[in-house]
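The values are calculated or read from the model by the stated rules, or taken from the named source; none is laboratory data. These numbers were taken from a predicted model, which means no experiment stands behind them. In this analysis, Cβ positions are derived from the backbone assuming ideal geometry, glycine residues included, and neighbour counts consider all displayed protein chains. Each accessible area value is taken on the protein alone, full model and side chains, heavy atoms only, with ligands, DNA and RNA left out. Shrake-Rupley method; radii C 1.70, N 1.55, O 1.52, S 1.80 Å.
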Amino acid sequence: MASSLRSLLFISSLCYFLVSSSSHAAVAAFLPKALVVPLSKDASTLQYTTIIHQRTPLVPVKLVLDLAGQFLWVDCDKNYLSSSYRPARCRSPQCSLAWSSSCGSCFSAPRPGCNNNTCGLFPDNTITNTGSGGELGSDVVSLQSTDGSSSGQAVTVPHLLFSCAPSFLLEGHAAGTTGIVGLGRAEFGLPTQFAAAFSFPKQFAICIPSTGRGTTQGVAFFGPGPYNLLPNVVASNLLSYTPLLRNPVSTAAAFSQGEPSTEYFIGVKSIQIIDKTVLLNQSLLKIDGRGNGGTKISTVNPYTVMEESIFKAFTGAYAAAAAGGFNMTRVAAVEPFEVCFSAKNMHPTRLGFAVPMVSLVLQGESMLWRITGSNLMVQVSDEVLCLGFVNGGVSPRTAIIIGGFQLEDNLLQIDLVTSRLGFTDTLLGSETTCANFNFTSMA
């Protein structure tokens, strides 16, 4: 009850803060049902990126997508120019909204990211697992609205909360990116702020593209469905659902004691190859009291990572199934993969190469997340394909991290109110892809 009351008060305060501004009264003139942004894949780093428009005057800001990131952070050290940036002063309502109790000063000339008497946050680079102090601030953000089928008119949030961060935190990021857009469970994460600003449910969906070539774009929606893709596919009707689990211990690079994780965990009960269950240490699939174990979803890890004993059991069973019923010939490993096959006996289908199917068993035997060839086999050359799973070593923090390659051309919906994940199998089976959202009407 106390938690629910606190959440209600938080949303009420956040809604007031985000939209209360006489200079941006136009925000209330049109309340969108949902928002939409494009997603791209960086061919060099295999990271997924998006672009939002921020500041006054508005400029495009390219950001790395982190499904489980705590909040939005942006490099303010270089070329952050905006007449609408406002630092959050110590003990202000903004600091309370961001659950920030730190108060700092800056001894250089005032600018975004360097002001006295401001509260701070701890943005982290989830690619290199490093963190730093950063100034909490707010600025104008503009995105496209959507009816679920195409992009519509732009709408503005006048005071979106985010963290400034130093330039060195961009290490390892895709070229041209200046921060991370975090979509995790943090109570002032972007899904919550957008829901508060426009009075739609705290739901969002991502559909990440499978190629980094050319102008191919996936899509992210903020707000409820429908989520429609060409040609006339209501992708939201294809969703199956499983509960989201909460890790009681934060997995961020810097956090306060007792702070839960903002990442999205699901209850994987077992793994099947074709219809045979892989023998695993079941205790590793559960989150223990110290926050270890379990299965989470990540857009930062390019491929699924498994604890070593799980990886060996899984890849051993997969290699046996591939050799037995599919006549696949194993060849030398190609880093970072350990299990690779000759392409000679591989036959392409609509769902990727015809290879043994993998299923994640989520809720009883009937709730399966099926992974077919398009999300299993990584083509490393014309002659060689590798199983797109990597060895996470002994005693990693999380037993299984479902990585980006396994998510490509699958629609995922996060419902923060009911705490559940909606997921599809590959959209290739419905003769569409994540690149088939209609952005042509974008202004």
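Just a few scattered comments:
- Pairs where the first residue, in segment 276-301, is touching a residue at least 24 places away in the same chain (Cβ under 8 Å) and under 16 Å from Gly392 (Cβ atoms) and the second is in a strand (DSSP E or B) and aromatic (Phe, Trp, Tyr), C-beta under 6 Å, 6+ apart: Gly294/Phe265; Lys296/Phe265
- Residues located in segment 127-172, provided they are open to solvent by 40 Å² or more (accessible area, probe 1.4 Å) and either out of contact with any strand residue (DSSP E or B) (no Cβ under 9 Å at 6 or more places or on another chain) or of a type in the set (Asp, Glu) (or both): Thr128, Asn129, Asp147, Glu171
- Subset of segment 205-223 that is in contact with an Asp or Glu (Cβ under 9 Å, 6 or more places away or on another chain) and either acidic (Asp, Glu) or modelled with pLDDT of 95 or more (or both) - its residue that is farthest from Leu160 (Cα to Cα): Pro209
- Conditions (1) modelled with pLDDT under 95; (2) touching a Cys at 6+ places or on another chain (Cβ under 6 Å): number failed by Gly133: (2)
- Residue in segment 291-309 that is in contact with a strand residue (DSSP E or B) (Cβ under 9 Å, 6 or more places away or on another chain), modelled with pLDDT of 95 or more, assigned to a strand (DSSP E or B) and surrounded by fewer than 20 Cβ atoms within 10 Å (Cβ to Cβ) present: no
- Residue match in segment 246-264 (condition: at pLDDT 95 or above and aliphatic (A, V, I, L, M)): no
- For the condition crowded, with 17+ Cβ neighbours inside 10 Å, over 22 Å from Tyr264 (Cβ atoms) and more than 30 Å from the chain's Cα centre (by Cα), Ala343 qualifies.
- Criterion (closer than 17 Å to Asp66 by Cβ and surrounded by 23 or more Cβ atoms within 10 Å (Cβ to Cβ)) met by exactly one of Leu244, Leu190: Leu190
- Every test in (1) over 20 Å from Lys62 (Cα atoms); (2) open to solvent by 10 Å² or more (accessible area, probe 1.4 Å); (3) at pLDDT below 95; (4) out of contact with any helix residue (DSSP H, G or I) (no Cβ under 7 Å at 6 or more places or on another chain) is passed by Ala98 save one, and that test is (2).
- Filtered residues of segment 193-206 (kept if within 19 Å of the chain's Cα centre (by Cα) and either farther than 27 Å from Gly104 by Cβ or surrounded by fewer than 23 Cβ atoms within 10 Å (Cβ to Cβ) (or both)): Phe194, Ala195, Pro201, Lys202, Gln203, Phe204, Ala205, Ile206
- The residues in segment 418-438 that are part of a loop (DSSP other than H, G, I, E, B) and of a type outside the set (A, V, I, L, M) can be counted, and the count is 11.
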